[in-house]
Amino acid sequence: MRLAIVPARGGSKRIPRKNIIEFHGRPIIYYALNAAKTSGLFEKIHISTDDHEIGDVVKNLGYEIDFFRDPPLADDFTPLLDVVKWVIRQYKRQGTRYDSVTLIYPCSPLLRASDLLRGHEIFNRKNRELPVVSVARFPSPVERAFLGGEDDTICIENQEEVLTRTQDLPDRYYDTGNFAIYSCGALLSSNARFKTRFLKYEMPRSRVVDIDTPEDLEYAKSLFNLL
């Protein structure tokens, strides 16, 4: 059985109430939930929140909150994987065991059901031995990055690679913050090293926005219109 968890705590700081902010006429969390529902992959879509207003919003969208997140797990410092493990264990205590869990981030309005389906194809093709994470390629070689200094100065960070041709540099990827897929058994029994190797699901950069600031939000709305 497959579980989807959409984490949506109430304490967002840079964009207050970010997980339910209006996005083209709907709460932004609607799009992640709809991608999960439309995929047909999941026996359960669980919204993990500590916030009753968010709970009311998702109930109005047609989703039930089986249980609310414990407040100690809703601070600014608790890793999301700790929340995921806690949710899995809560369901186990209720007598429901899941084989896999997909963490779907709530502010993913450009995520599609097809992304989740293809991510699960990769996960299953590799016998569910490694987690799958959504990534995108860095648009420029990270070896050419500059570090900011004082008085608006910048300096080359990687002196050794500065003369290497860009076509000779390896591809680098970053986490898009859309979704990740795990084996429940491996996740609950893993140590820290488990989280260092992943299978990649590559998202097109045209559908990747990490919404952390109001400017990010407006950019995401513009992309949504274009797409």
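The values are calculated or read from the model by the stated rules, or taken from the named source; none is laboratory data. Fair warning: this is a prediction, and the values are worked out from it, not measured in the lab. All Cβ positions, even for glycine, are placed from backbone atoms using ideal geometry, and neighbour counts span all protein chains on display. To get the accessible areas, we keep the full protein, side chains included, count just its heavy atoms, and leave off ligands, DNA and RNA. Shrake-Rupley method; radii C 1.70, N 1.55, O 1.52, S 1.80 Å.
Things to note:
- Residue satisfying condition, being over 26 Å from Pro16 (Cα atoms) and either in contact with a strand residue (DSSP E or B) (Cβ under 9 Å, 6 or more places away or on another chain) or open to solvent by less than 50 Å² (accessible area, probe 1.4 Å) (or both), within set Thr196, Thr164: Thr164
- For the criterion of being over 17 Å from Ala220 (Cα atoms), buried (at least 16 other Cβ atoms within 10 Å of the Cβ) and modelled with pLDDT of 95 or more, Ala36 passes.
- In the set Lys85, Lys18, only one residue is crowded, with 19+ Cβ neighbours inside 10 Å and charged (D, E, K, R); that residue is Lys18.
- Unmet criterion (only one of (1) open to solvent by 20 Å² or more (accessible area, probe 1.4 Å); (2) under 16 Å from the mean Cα position of the chain (by Cα)) for Phe42: (2)
- Residue that is modelled with pLDDT under 95, of a type in the set (A, V, I, L, M, F, W, C) and open to solvent by 30 Å² or more (accessible area, probe 1.4 Å), where the choices are Phe68, Phe77: Phe77
- Residues of the stretch 1-34 satisfying the condition of being under 17 Å from Trp86 (Cα atoms), out of contact with any Pro (no Cβ under 6 Å at 6 or more places or on another chain) and part of a strand (DSSP E or B): Arg2, Leu3, Ala4, Ile5, Pro7
- In the stretch 104-128, residue surrounded by the most Cβ atoms within 10 Å (Cβ to Cβ) [restricted to those that are free of Cβ contacts under 8 Å to residues at least 40 places away in the same chain and among the charged types (D, E, K, R)]: Glu121
- Strands (runs of 3 or more DSSP E) wholly inside the stretch 68-181 that include at least 1 residues being over 30 Å from Glu53 (Cβ atoms) and of a type outside the set (S, T, N, Q): 132-137, 146-148, 154-156
- In the stretch 42-80, the residues that are among the aliphatic types (A, V, I, L, M), in contact (Cβ under 8 Å) with a residue 24 or more places away in the chain and within 12 Å of Gly11 (Cα to Cα): Ile54, Ala74
- For the residues Leu226, Leu199, the requirement of being out of contact with any Asp or Glu (no Cβ under 7 Å at 6 or more places or on another chain), aliphatic (A, V, I, L, M) and touching a residue at least 60 places away in the same chain (Cβ under 8 Å) singles out Leu199.
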